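The values are calculated or read from the model by the stated rules, or taken from the named source; none is laboratory data. What you see is a predicted model, and the numbers here were worked out from it, not measured in a lab. Virtual Cβ from ideal backbone geometry, glycine too; neighbours counted across all protein chains shown.
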Amino acid sequence: MSEMMTLPELINVFGDDAKCRRYIERLRWPREITCPRCGKAATAIANRFQYDCDGCHYQFSSTSGTIFHDTHLRLTKWFLATYLLCESKKGMSACQIQRTLGISYKTAWYLCHRIRAAMLEVAPEHLDGTVEIDETYVAGKKRRWRAKGDVQVVIGIRQRNGDLRLIRAKDAKSKTVKEIINANIGGHVEVILTDESTIYPWALDNMQKSKHKTINHTREYAHRDVHTNTVESALSLLKRGIVGTWHRVSAKHLPAYLDEMCFRFNNRKNRFLFRDTLTKLILSPNLEYKHLTAKVQDAA
Ligand SMILES: [Zn+2]
């Protein structure tokens, strides 16, 4: 199975655990089944989805050592949750996954975090060409002992016709923004577009300043090619996602939501998103529950 499917197609293709296991086997070992301990070839044990290493005789299954292994959740539900998170443009909350799959809130929450963690992109490349930068403020989760929730700063950087980065910043000061820009923009950038905020002249180095163009939003929203509309639309999608789907996100989990959002956005034309996300789930290190948080009720 390669391209994005409809939900009935998904149920048809991955309707039982054996079908899911066979697919995991193919994604995990595209050429030859090898032992996770010693790397030698392994032989399948008939009808059990178990393998026996030809070298060290370690017996393992297609999910051994993967994120799927120590959960008691059926693989069909893992596949459905992955499909739903890949398909929904604005994201899906743990509450929605709980209701849709008929699982406990705790499991749904854990599942969403694990899928999001797998969606993290490994070493994203620097953005180049024409790059737009903008910032937005997101209301954090309300705390009982505070009248107002924390306000989180999110910096958006978007390469025109290219990838998006959404980064949580500890504040909107030039020094902080400078670090974020340098970590995400490459040396071959041609044009840097921002609004006339006073942050940016201080946040750019001399090379970047020579390529900097600004748009005055009190007068106009675009002057020919000089605009920040594409990054702004991504930031407004983020805000709609947080208000509409996740309600208020705790500061701790905001980076995971931002990464998930970027992953879905940067893969918007990827017809193999479901397969690629599953592959990441299989190959990513097993994220222990205790590393997420002890308090499930803390989650948005
Ligand atoms: Zn072995």
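The table for this structure:
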read-out: Residue selected from region 45-102 under the condition touching a Ser or Thr at 6+ places or on another chain (Cβ under 9 Å) and assigned to a strand (DSSP E or B), by the criterion nearest to the ligand (Cβ to nearest atom); value: 53
read-out: Residue check, residue 100 crowded, with 18+ Cβ neighbours inside 10 Å and of a type in the set (S, T, N, Q); value: no
read-out: Subset of region 71-108 [over 16 Å from residue 281 (Cβ atoms), in contact (Cβ under 8 Å) with a residue 12 or more places away in the chain and charged (D, E, K, R)]; value: 89, 90, 106
read-out: Selection status of residue 160, farther than 29 Å from residue 264 by Cα and surrounded by fewer than 18 Cβ atoms within 10 Å (Cβ to Cβ); value: no
read-out: Selection status of residue 6, β-branched (Val, Ile, Thr), surrounded by 15 or more Cβ atoms within 10 Å (Cβ to Cβ), under 30 Å from residue 241 (Cα atoms) and more than 16 Å from the ligand (Cβ to nearest atom); value: no
read-out: Residue list for region 45-56, restricted to those being over 34 Å from the mean Cα position of the chain (by Cα) and surrounded by 12 or more Cβ atoms within 10 Å (Cβ to Cβ); value: 45, 52, 53, 54, 55, 56
read-out: Residues satisfying the stated conditions in region 116-132, i.e. at pLDDT 80 or above and either closer than 15 Å to residue 258 by Cβ or part of a loop (DSSP other than H, G, I, E, B) (or both); value: 126
read-out: Inter-residue pairs, beta-carbon under 7 Å, first over 17 Å from residue 69 (Cβ atoms) and of a type in the set (A, V, I, L, M) and in region 28-44, second in a strand (DSSP E or B) and within 11 Å of the ligand (Cβ to nearest atom), 6+ apart; value: 41/34; 44/51
read-out: Selected residue (criterion: farthest from the chain's Cα centre (by Cα)) from residues of region 27-44 that are more than 10 Å from the ligand (Cβ to nearest atom), in a loop (DSSP other than H, G, I, E, B) and surrounded by 13 or more Cβ atoms within 10 Å (Cβ to Cβ); value: 33
read-out: Search result, residues across region 247-295 that are out of contact with any His (no Cβ under 8 Å at 6 or more places or on another chain), part of a helix (DSSP H, G or I), at pLDDT below 80 and over 18 Å from residue 83 (Cα atoms); value: 289, 290, 291
read-out: Per-region count, region 189-238, residues polar (S, T, N, Q) and in a helix (DSSP H, G or I); value: 6
